[in-house]
Amino acid sequence: MYKINENYLKLQDNYLFSTIAKKLEEYKSKNPDKEIIKMGIGDVTRPISPSIIEAMHKAVDEMKNKDTFRGYGPEQGYSFLREKISKCDYKARGINIEEDEIFVSDGAKCDVANILDILGNENKVAITDPVYPVYLDTNVMIGTAGNFNKEKGTYDNIVYVPIKAENNFVPELPKEKVNIIYLCLPNNPTGTVLNKEELKRWVDYAKDNEALILFDSAYERYITEANIPHSIYEISGAKEVAIEFRSFSKTAGFTGIRCAYTVVPKELKAKTSSGEYVLLNKLWNRRMSTKFNGVSYITQRAAESVYSESGQREIKENIDYYMENAKIIREGLKKSGFVVYGGINAPYIWLKVPEGLTSWEFFDKLLEKKQIVGTPGVGFGPSGEGYFRLTAFGTRENTIKAMERISINTQELK
Ligand code: MLT
């Protein structure tokens, strides 16, 4: 009999957002007349802006002409896009990231999962808790996470670094030595951030312990405050210890178009078991050439147009729109007596669930009493218990309506 990857059997139930979708479908089938407001998965609702649509149309037209038709593109991404990323996202901020350190892909979710292809499966991995579930699940899949401890709700080989109100959402450095650290900043799910000094402590830890930081900055465009790093490479020495993941999904509404990129600096060197140094950039390049055929030309032209003057103006308008929603949610919840976090540098609002309720109990109440879907904090890890996430990616109308529903008879939720 053939063998399966039995690590998959160690995964807990379903992927968080699939579980929520299933619960929602059940509720809808029993209550077909109810109007539901979705504030669960962080999916955008604003349409793709005009400059991007125009660039896509133009690229489609090029495909019908024999002189401009494109077949396979470079696996790492077209130079026209990598050059824009290097110039606008990094060099403009004083960070020297070259084109050949940038790898264009079809999503940050895939990249944070696929990066494990080039890392060994004996690493000690640290994740913040709560955390975007992909980091943990993909480590379970390759066997690094170990076994699940039902009582604790944690995997034996993972180092969980709590982020909660008690520590002001600033994760403490691990007491034990870890090799791989996942950081998502601005943070999903809590919507909180670290300032430069706080992030520098992690870079220094990684240097001192020869660890690698996997830095997910999918939400960097949502930062509104000064002294909050947009890229980990704003911290001196970070190019020697960090890989950065970025996405056009939340920045330019590409959740359905699919485009992202990963930065693997050439300074990043890993030591083999025989003591030789190997460039991670070279390994990732090899992985992409073998397993990936590049993002479609049309999509990359769309991503390129994000960097045009009109593209930048338009995406900012959409981001401002979502951040205004975030403000409406924060203020609405506070008025209704909730304690809230996040929503200032990120499109996520993290609220404390009323005393005595679990986060899944609050999920059920919010759905049944107010027809609002959110995400239970515990779905992101044990330290998320007692919290709940709402996204600001809805329409203005629904955001206002949701806060109105919560403000009327709020006690039904307690
Ligand atoms: C979320 O809701 O956490 C995100 O939308 C999920 C994702 O980006 O994959």
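The values are calculated or read from the model by the stated rules, or taken from the named source; none is laboratory data. Values in this document were obtained by computation on a predicted structure and should not be read as measured data. Glycine also receives a Cβ, built like all others from the backbone with ideal geometry; neighbour counts cover every protein chain displayed. Heavy atoms of the whole protein, side chains included, go into the accessibility calculation; ligands, DNA and RNA do not. Shrake-Rupley method; radii C 1.70, N 1.55, O 1.52, S 1.80 Å.
Just a few scattered comments:
- Rounded to the nearest 10 square angstrom, His57 shows an accessible area of 120 square angstrom against a 1.4 Å probe.
- Under 14 Å, Cβ to Cβ, from Val203 - net charge with Lys/Arg +1 and Asp/Glu -1: -4
- Spacing of the modelled spin labels on Lys58 and Glu198, each 7 Å from Cα toward Cβ, amounts to 4.1 nm.
- Loop trypsin sites (Lys or Arg not before Pro), segment 1-106 (other Cβ atoms within 10 Å of the site Cβ: 10 or fewer; DSSP): Lys3, Lys64, Lys66
- Only the Cβ atoms of Lys and Arg (+1) and of Asp and Glu (-1) were treated as charged; on that basis the dipole of the chain about its Cα centre amounts to roughly 480 debye.
- Segment 51-204 shape via C-alpha gyration tensor axes, a/c threshold 1.5: prolate
- Loop-resident GluC sites (Glu not before Pro) (DSSP state other than H, G, I, E or B) in segment 2-62 with no more than 14 further Cβ atoms inside 10 Å of their Cβ: Glu35.
- Centroid-to-centroid, using Cα positions, segment 6-51 and segment 165-222 are 28 Å apart.
- For the chain, accessible area per residue (1.4 Å probe, heavy atoms of protein chains only), Å²: 46
- Charge tally in the Cβ shell below 11 Å around Ser305, where Lys, Arg are +1 and Asp, Glu are -1, Ser305 excluded: -1
- For Val159, distant residues with modelled amide H under 5 Å away: Val125, Ala126, Ile127
- Segment 383-389 - phi-based ³J(HN,Hα) in whole Hz, Karplus 6.51/-1.76/1.60, Gly and Pro as x: 6, x, 4, x, 10, 8, 10
- Restricting segment 193-273 to GluC sites (Glu not before Pro) that sit in a DSSP loop and have at most 10 other Cβ atoms within 10 Å of their own Cβ leaves Glu225.
- Exposed loop sites here are chymotrypsin sites (Phe, Trp or Tyr not before Pro) assigned a DSSP state other than H, G, I, E or B and surrounded by at most 12 other beta carbons within 10 Å; excluding them, the longest clear run of the chain is 73-414.
- Across the cross-link table entries Lys3/Lys175; Lys269/Lys316; Lys91/Lys269; Lys28/Lys316; Lys38/Lys414; Lys109/Lys401, which are compared at the Cα atoms, the separations over 27 Å belong to Lys3/Lys175; Lys269/Lys316; Lys28/Lys316; Lys109/Lys401.
- Reachable aspartates and glutamates from Lys282, criterion Cα separation under 17 angstrom, eight or more residues apart if same chain: Glu75, Glu98, Glu99, Asp100, Glu101, Asp111, Asp117, Glu240, Glu244, Glu267
- Whole-number percent relative contact order across segment 53-308, with pairs defined as alpha carbons under 8 Å at least 6 apart: 25
- Around the Cα centre of segment 317-414, unit charges on the Cβ atoms of Lys, Arg, Asp and Glu (plus for the first two, minus for the last two) sum to a dipole of about 180 debye.
- When the solvent-accessible area of segment 53-308 is split by element, carbon and sulfur atoms take up 47 percent of it, the probe being 1.4 Å.
- Projected onto its three principal axes, the C-alpha set of the chain covers 60, 55, 53 Å, listed from the longest axis down.
- Judged by the ratio a/c of the largest to the smallest principal axis of the C-alpha gyration tensor, segment 252-386 counts as oblate, that ratio being 1.5 or greater while a/b is no larger than b/c.
- Across Ser310, Ser273, Ser217, the residue with the most accessible area heads the list, and the full order at a 1.4 Å probe is Ser273, Ser310, Ser217.
- Taking every DSSP beta bridge that has both ends in the chain, the antiparallel portion is near 55%.
- Taken one residue at a time, the phi angles of segment 339-346 give Karplus couplings (6.51, -1.76, 1.60, θ = phi - 60°) of 9, 10, 9, x, x, 9, 10, 7 Hz. Gly and Pro are set to x.
- Distant-in-sequence amide H partners of Ser247 (H built 1.01 Å from N, under 5 Å): Tyr261
- Charge sum, other residues only, whose C-beta stays under 13 Å from Thr19's C-beta, Lys/Arg counted +1 and Asp/Glu -1: -3
- Taking amide H atoms as placed 1.01 Å from N in the peptide plane, the amide H of Ile97 lies under 5 Å from those of Lys91, each 5 or more residues away in sequence or on another chain.
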